[in-house]
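These notes concern the structure reproduced below.
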Amino acid sequence: MDSHFLGIAELAEAPPVAVVVDVMRAFTVAAWVFAQGAEKIVLAESLDEALELKARHPDWMALKDGPLAPGFDMVNSPGMLRSADLDGRTVVQKTTAGTVGALAVKEAELVLCAGFVVAEATARHLRTHGPDSVTFVVTGEDGQADEDLACAQYIARRITEAETDASEFLRRAGESRAAAELAQGVRLGVHPDDVALCQELDRFPFAMVARLEDSLMTLRPCPVLPG
């Protein structure tokens, strides 16, 4: 299997199979949203679209990067989501990088969204489908975010190698610019546990598959059997 690692701006067209990686924090947050019971996540193009979707669907909830803002229910922080009751809910998510990356490949045949928390499940899902080539979309810092690249490279290796030591990949994530900014409070809407939660390997047993549903890019959990 061939693996390609591209930033969002490098995507000339949607590849057949794409894995969109945002470790800190969009797709770590998405995994926690599902763990707290949500049925689906709708990925919004803009903050205005997120609010419009919520206005049309009053029972939906919306989250964004940064501090809480009028009309939004949650912020893009796994630490703040651990106590949320999202049973059966639809959550609209808009972030700076992760949701942008997923929307950039919405025409792909298969789109998975990932972070370390669903790394093994993502690799297993790809092994099941057996693609000849996978494009990993490294969403942060114009494709240079080391936490995202490390996670993408780890998943790529796990597709073909049953035994892969994650320690070096996790170390890179922990020493990344994003981790430092979160730990130092440079970014707003942060919980003290966010960096650690983003580095939890294989916390959840599901992959996250995104596809167009009624013209909306919609993310859902996909349970993956062990083995």
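List the relative contact order of the chain as a percent without decimals, with contacts defined as Cα pairs under 8 Å and 6+ residues apart. Present the calculation step by step, with values, prior to reporting the outcome.
Working: 498 pairs, mean separation 73.2, N = 227.
32 percent.
Under 14 Å from the Cβ of ASP87, count the other residues' Cβ atoms, weight Lys and Arg +1, Asp and Glu -1, and hand me the total.
Numbers: positive: LYS40, ARG89; negative: GLU39, ASP59, ASP85.
With Lys, Arg at +1 and Asp, Glu at -1, the net is -1.
At most 10 other Cβ atoms within 10 Å plus a DSSP loop assignment makes a site exposed; report the longest stretch of the chain without any exposed GluC sites (Glu not before Pro). Mind showing how you got there, number by number?
Details: sites that count: GLU13, GLU161, GLU163.
The longest such stretch corresponds to 14-160.
What is the distance, in nm, between label points placed 7 Å from the Cα along the Cα-to-Cβ direction at LEU201 and at ASP214?
Simple spin-label model gives 4.1 nm for this pair.
Order of ARG171, ARG177, ARG89 from fewest to most other C-beta atoms within 10 Å?
ARG171, ARG177, ARG89
log10 I(q)/I(0), Debye, Cα-only the chain, no solvent, q = 0.08, 0.12, 0.14 Å⁻¹?
Per q value, in the given order, log10 I(q)/I(0) is -0.24, -0.56, -0.79.
Fewest first, what order do CYS151, CYS198, CYS222 take by the number of other Cβ atoms within 10 Å?
On the way: CYS151 35, CYS198 28, CYS222 15.
Ranked by crowding around the Cβ, least crowded first: CYS222, CYS198, CYS151.
Got a sec? How would LYS106, LYS64 order by Cβ neighbour count within 10 Å, fewest to most? Mind dumping the intermediate values first?
Values: LYS106 16, LYS64 24.
Final ranking by Cβ density, sparse to dense: LYS106, LYS64.
For the chain, what does the helix formula give at 222 nm: sum of -39500 (n - 2.57) over DSSP H segments with n ≥ 4, over the residue count, nearest 500 deg cm²/dmol?
Working: 9 runs with 77 residues, N = 227.
Helices in the chain give a 222 nm mean residue ellipticity of -9500 deg cm²/dmol.
Since every read-out is calculated from the coordinates, none of them should be taken as a lab result. As the structure is a computational prediction, the values presented were derived from the model and not from experiment. Neighbour counts are summed over all protein chains in view; Cβ atoms, including those assigned to glycine, are modelled from backbone coordinates with ideal geometry.
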